[in-house]
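Participant: Shown below is the structure under consideration.
The values are calculated or read from the model by the stated rules, or taken from the named source; none is laboratory data. Here the structure is a predicted model, which means the values were calculated and not measured. Don't worry about glycine lacking a Cβ; one is built from the backbone with ideal geometry, like all the others, and counts go over all protein chains shown.
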Ligand code: NAD
Ligand code: IPM
Ligand code: MN
């Protein structure tokens, strides 16, 4: 029987709480399918590990992870360790080290999910963000001179290479073509006179290969406004690392909340393992209380199944999430329910296994 080997990095805060449910659900999905299984190996890396060892993960972590078929990650970052240290030392190190240059983030209002927008039909919120995930504003390069002096100067560089920009554009165009969707590029070429002018140019150049794809280009400020006022404008969206990060939290807000927002960090060439995670953070405000919504993690598990070629099963898992949302019997407090994190995970498993009475 085929085995998918998964490295599990539960991480910090609500990370371990939601990832336990994700693992449970993946095991159930495999059992239901019967043609493959998962083998999970857990790694205790994160902020607690940092406080004990001075590192977020061991020096040879990437070598260790490289042997796996995928990584399943909860959340990273916790008060007590500076965020730039914890995230650079783990999450960004993996995304960059494994060239997971595509970050796929669906912003789709599932049936039954709450939406704060007025006068918006459910089907109007149905987009997928293709976020550049390897360079751009998060390249990590820059300088900090004359610390503490009056002439102190900090430079944070946005690094946009032709290779990096072309490949993300191409991935987005291919997706738009395959799904017969429009493609919207997010820019700020009016103020970012190098990076975003280049971004716009490459969007057009690559677009010449896809005359069948209808394109739009929006400045990021206007795009934020339109996501709220007229979300149906957006289908496939391609954005730089920073803009994609910010707009997908906004996307979460209009598509059911942080507890429902999933993301896949892909190395499409499969030269390295890809990583699947909810897009939310460690939520210190609710950690350790069983309040965290595990459905974003379950959705990212569905993305993993899809990536492994189990498309029908991936869709079933989304259908199960919708069923829970519509029934409203077993939801966490962020969705107006009273269920705990693990009760929701159990309900997903029960629904997936076809049990009529769950929770
Ligand atoms: P956050 O996403 O952790 O929390 C924002 C708000 O959303 C909080 O009120 C939280 O309670 C709520 N929320 C988030 N996930 C939820 C869930 N599953 N169910 C119910 N409510 C949920 O963002 P933050 O507070 O800005 O960041 C906290 C820490 O997480 C920081 O250290 C940050 O750097 C880190 N972070 C990590 C990741 C990651 O690992 N991928 C992503 C974002 C932030
Ligand atoms: C996300 C997170 C990360 C990002 C942080 C924690 C570095 O916000 O995955 O959305 O900005 O990529
Ligand atoms: Mn984010």
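Participant: Can we say residue 121 is out of contact with any strand residue (DSSP E or B) (no Cβ under 9 Å at 6 or more places or on another chain) and surrounded by fewer than 22 Cβ atoms within 10 Å (Cβ to Cβ)?
Facilitator: Working: out of contact with any strand residue (DSSP E or B) (no Cβ under 9 Å at 6 or more places or on another chain): yes; surrounded by fewer than 22 Cβ atoms within 10 Å (Cβ to Cβ): yes.
It is true that residue 121 is out of contact with any strand residue (DSSP E or B) (no Cβ under 9 Å at 6 or more places or on another chain) and surrounded by fewer than 22 Cβ atoms within 10 Å (Cβ to Cβ).
Participant: Exactly one condition in (1) away from ligand 1 (no atom under 16 Å from the Cβ); (2) farther than 30 Å from residue 337 by Cα; (3) assigned to a strand (DSSP E or B) is false for residue 128; which is it?
Facilitator: Unmet condition: (2).
Participant: Pull up segment 249-272, narrow it to residues that are at positive phi and in contact (Cβ under 8 Å) with a residue 24 or more places away in the chain, then point me to the one that is farthest from ligand 2 (Cβ to nearest atom).
Facilitator: Step one: list which residues in segment 249-272 are at positive phi, which gives 256-257, 270.
Filter again for in contact (Cβ under 8 Å) with a residue 24 or more places away in the chain, leaving 256-257.
Working: 256: 16, 257: 15 Å.
Checking each candidate, the answer is 256.
Participant: Which of the residues spanning segment 134-163 are within 16 Å of ligand 2 (Cβ to nearest atom) and out of contact with any strand residue (DSSP E or B) (no Cβ under 7 Å at 6 or more places or on another chain)?
Facilitator: The answer is 134, 138, 140.
Participant: Something else now. Go over the candidates 202, 228, 206 one by one and state the one that is part of a helix (DSSP H, G or I), touching a residue at least 60 places away in the same chain (Cβ under 8 Å) and out of contact with any strand residue (DSSP E or B) (no Cβ under 8 Å at 6 or more places or on another chain).
Facilitator: 228
Participant: Let me ask you something else. Is it fair to say residue 342 is more than 16 Å from ligand 2 (Cβ to nearest atom), touching a helix residue (DSSP H, G or I) at 6+ places or on another chain (Cβ under 6 Å) and in the same structural domain as residue 87 (by TED's automatic domain parsing)? Even if it seems obvious, please write down each step before you answer.
Facilitator: Working: more than 16 Å from ligand 2 (Cβ to nearest atom): yes; touching a helix residue (DSSP H, G or I) at 6+ places or on another chain (Cβ under 6 Å): no; in the same structural domain as residue 87 (by TED's automatic domain parsing): yes.
So residue 342 does not fit the description; no.
Participant: Is it the case that some residue within segment 174-194 is assigned to a helix (DSSP H, G or I) and touching a residue at least 60 places away in the same chain (Cβ under 8 Å)? Please lay out each step first, then the result.
Facilitator: The initial filter retains those residues of segment 174-194 that are assigned to a helix (DSSP H, G or I), namely 174-179.
Then drop every residue that is not touching a residue at least 60 places away in the same chain (Cβ under 8 Å), which leaves 175-176.
Within segment 174-194, one or more residues are assigned to a helix (DSSP H, G or I) and touching a residue at least 60 places away in the same chain (Cβ under 8 Å).
Per-residue answers, yes or no, for (1) under 12 Å from residue 239 (Cβ atoms); (2) at pLDDT below 95; (3) over 23 Å from the mean Cα position of the chain (by Cα):
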site	(1), (2), (3)
173	no, no, no
176	no, no, no
179	no, no, no
193	no, no, yes
204	no, no, yes
211	no, no, yes
216	no, no, yes
223	yes, no, no
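Participant: If you go through segment 259-285 one residue at a time, how many are more than 11 Å from the chain's Cα centre (by Cα) and closer than 25 Å to residue 117 by Cα?
Facilitator: The qualifying residues number 2.
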